[in-house]
Amino acid sequence: MVLSLNPTDKVILALDGMDSYEALAILSRLPDVIWVKVGVELFVSSGPGIVRELRDRGLRVFLDLKFHDIPASMAGACKRAAKLGAELITIHSCAGTKALIQAQAAALEGAEEAGLPPPKLLAVTVLTSWDEGLIAKELLIRQTIQERVDMLASLSKKAGLAGCVCSPKELRSLRQRFPEPFHLVTPGIRPKASELGDQVRVMTPSEAIKAGASRIVIGRPITRADDPRLEFEKCCQSLKI
Ligand code: C5P
């Protein structure tokens, strides 16, 4: 069993829509947070130093930059991400087996060189912004989203990746096919009372964990709440069995 019994360890706070100053300010109001997600927006505005800064504050970092490139570039990026101290790193599984294998090996090498614990590489399968109509029309892909997600998750598993990112809708079937310790990290989380925003397929935190998520990613319902600490606590409380 890879999961800690501490529910706080299962919640990853997404630091979207903010610069480093704002991110650190909100985190100073959230002393119990363990995991944070740094996406492209924060990374591009603040640079790699933000990962070190967060780690220096004792936080664990999910670096969600969704690398997709030729194998050598993906490997180089993953090695450097691991050296920075990111413990979860996303890469696109449609980059192919060679790229996935090289990225995985490079990440382990980077962490080892830096004396850090081995990171988990997570595969991105199909972004939630795609739907079947669009994927058929623009990319001429005839698979259903579920078929494509399954296929890309299998590719990633065979390449030795630790897990993948998936929407709540895909959780149950992926968990059936890929038992723990395969890591399933799920955005699209909404506590019951909060607004839907642009998250189309949503689950509550406890529904997602019961459906097989290893960890959940939640952003705006906490970061934009009047009382972020209270929202975070309520979210963690709801995960206690
Ligand atoms: O909506 P929320 O602020 O909780 O988003 C948290 C994370 O969920 C985002 O950083 C993004 O990676 C992901 N997301 C998604 N699909 C959307 C909106 C957000 O996968 N439509």
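The values are calculated or read from the model by the stated rules, or taken from the named source; none is laboratory data. Bear in mind the structure is a predicted one, so any value in this text is a computation, not a measurement. Positions of Cβ are backbone-derived with ideal geometry, glycine not excepted, and every protein chain shown enters the neighbour counts. What goes into the accessible areas is simple: the full protein's heavy atoms, side chains included, and nothing from ligands, DNA or RNA. Shrake-Rupley method; radii C 1.70, N 1.55, O 1.52, S 1.80 Å.
For segment 1-114, the per residue solvent-accessible surface stands at 45 Å², with DNA, RNA and ligands left out and a 1.4 Å probe. The value of relative contact order for segment 1-54, using C-alpha pairs under 8 Å at least six residues apart, is 41 percent. When only Cα pairs below 8 angstrom with a gap of at least 6 residues are kept, the chain shows a relative contact order of 18 percent.
For the chain, the Cβ-based charge dipole about the Cα centre amounts to some 600 debye (Lys, Arg positive; Asp, Glu negative; other atoms uncharged). Residue pairs exceeding 31 angstrom between C-alpha atoms, taken from LYS79/LYS210; LYS79/LYS137; LYS37/LYS157; LYS120/LYS234: LYS79/LYS210; LYS79/LYS137. Using a probe of 1.4 angstrom, how much of the accessible area of segment 35-108 is carbon and sulfur, in percent? The computed percentage sits at 54. Restriction of the GluC sites (Glu not before Pro) in segment 139-230 to DSSP coil positions whose beta-carbon has at most 14 other beta-carbons within 10 angstrom yields GLU195. Taking a ≥ b ≥ c as the square roots of the eigenvalues of the alpha carbon gyration tensor, segment 1-89 is oblate, as a/c is not under 1.5 and a/b does not beat b/c. Mind giving me the nanometre distance, one decimal, between the label points for GLU138 and LEU116, set 7 Å out from Cα along Cα→Cβ? Using points 7 Å along Cα→Cβ, the separation is 3.2 nm.
Can you find, among LEU42, GLN143, ALA114, the residue sitting farthest towards the positive end of the charge dipole of the chain, where Lys and Arg contribute +1 and Asp and Glu -1 at Cβ? Checking the options against the dipole of the chain, the answer is GLN143. Could you give the Stokes-Einstein D for the chain in µm² per second, using the C-alpha Kirkwood radius, 10 °C, 1.306 mPa s? Result for D is 88 µm²/s. Spacing of the modelled spin labels on SER45 and GLU22, each 7 Å from Cα toward Cβ, amounts to 0.4 nm. Fully extending the segment from ARG57 to ARG172 would add 37.9 nm, taking 0.36 nm per residue of separation and subtracting the current Cα-Cα distance.
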